[in-house]
Amino acid sequence: MRKIRWGLLGAGVILNRWLPGALQHDDMEICAVSSRTVRTAKAMAEKWNIGRVMSFDELLGCGDIDVVYIPVPHDAHKELAIRAMNAGKHVLVEKPAAVSARDFREMSECAKKNGVFLMEACWTYFFPAIKFAQKCIADGQIGEVRALNCSFSFRVPDEYQGRLVRPENAGGGLLDVGVYDLHMAQIVYGKDPVSIRGLASVNTDHLHLMVDEQAAFVAQYDRGELAVMSSGIRTDMLDTAYIYGTDGYITVPRFWSPDRVLVTHGEKTEEYSFPVDQKVEGLVDEGYQYEICHVNDCIRKGLKESPVVTHDRTLSVLSQCDILRRDWNLA
């Protein structure tokens, strides 16, 4: 049985983290890499021993590529994904899948029209630690879940001039890391909120950034449950998720890419460890292998949509981002 053949539709720096996960798999072949600049693609190909370097159009015209991974800035996701799907390629597109829910609806419709697989690359769903936490919730180990608290925020240096600080590139904290908070709420509650509100700091420090430098937002659900979340690019925050139930709570350190879970009842806390498998000597994968394995499995089964990161889940998260960004005059 031939391997699933992947093309890299972009040569963003995240590939240096994603490829060690891809190379853990026997059932995949990285066939080619492309970029808007040949020099960037060549550098990535040389570093990771990828056989072919080509333009976007050349890669999408290759009959021996089954699926593409799109690791480019947010505002280019929709264009490249639609081009790839119209060329008959399956697509794994980095989070956020698009800048708005409207854009992702177009992408979802394009996938259905062309009969191809499309998934947002939100790797968090596939970590063994997350699956364990979900099982604890489903088994009622902490009773009825009533609240979630999580933050994902970091501080870019003053001299940083990249996409995160540029409004024209959909910069700011919410679309870059706040989406992890919103996806974590989906993981915990498995449903959409009935209301979401938030506050953002825009143009509040000496850099005068016209993006959400930091933000806090709260989602409420149909039984009164709450998700209290924060994101940002100018403030370091602890990235631990706390899931509070009526009979205990779950702690997930570094919730967006976790390797352990703590379950607390009263004064007793039990810790469970889930180290990422490292199958290839000399390569250290942070956990991208789990997401990639899921995509390969979906393609093998002929699925056009992930049963885990469904189109509806991605639409829900982007719709919540739309509401918040409109409230903050950023959309």
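The values are calculated or read from the model by the stated rules, or taken from the named source; none is laboratory data. Source: prediction; values computed, not measured. Only protein heavy atoms, including side chains, enter the accessible area calculation; ligands, DNA and RNA are left aside. Shrake-Rupley method; radii C 1.70, N 1.55, O 1.52, S 1.80 Å.
Things to note:
- Derived scalar couplings between HN and Hα for the stretch 301-310 equal 7, x, 6, 9, 8, 5, x, 9, 8, 6 Hz in order, rounded to whole Hz, by the Karplus curve 6.51 cos²θ - 1.76 cosθ + 1.60 (θ = phi - 60°), x for Gly and Pro.
- In the context of the full set of protein chains, the chain has a per residue accessible area of 44 Å² (1.4 Å probe).
- Only protein atoms count toward the accessible area here, which uses a 1.4 Å probe; on the stretch 182-331, the carbon and sulfur part of that area reaches 50 percent.
- Rg/Rh, computed from the Cα trace of the chain with Rh as the Kirkwood radius, has the value 0.96.
- Relative to the longest principal axis of the Cα atoms of the chain, the long axis of helix 38-48 lies at roughly 80 degrees.
- Proximal aspartates and glutamates relative to LYS268, as straight alpha-carbon distance under 18 Å, when same-chain residues fewer than 8 apart are discounted: ASP247
- Kirkwood-type radius of the stretch 90-245, with distances r between different C-alpha atoms, in Å: 17.0
- Using alpha-carbon coordinates, inclination of helix 311-327 to the longest axis of the chain, degrees: 70
- Calculated from backbone phi, Karplus (6.51, -1.76, 1.60) coupling profile of the stretch 261-275 in Hz, x at Gly/Pro: 9, 10, 10, 10, 10, x, 8, 9, 10, 10, 10, 10, 10, 9, x
- At full extension, GLU267 and GLU79 could sit 62.5 nm farther apart than now, given 0.36 nm per residue minus the alpha carbon distance.
- Between the helical axis of 101-114 and the longest alpha-carbon principal axis of the chain there is an angle of about 40 degrees.
- The stretch 1-136 - percent of accessible surface contributed by carbon and sulfur, probe 1.4 Å: 50
- Percent RCO, i.e. relative contact order, over the chain, from Cα pairs under 8 Å lying at least 6 residues apart: 19
- Here the Karplus curve 6.51 cos²θ - 1.76 cosθ + 1.60, taken at θ = phi - 60°, turns the phi angles of the stretch 243-250 into couplings of 10, 9, x, 6, 9, x, 8, 10 Hz, with x standing for Gly and Pro.
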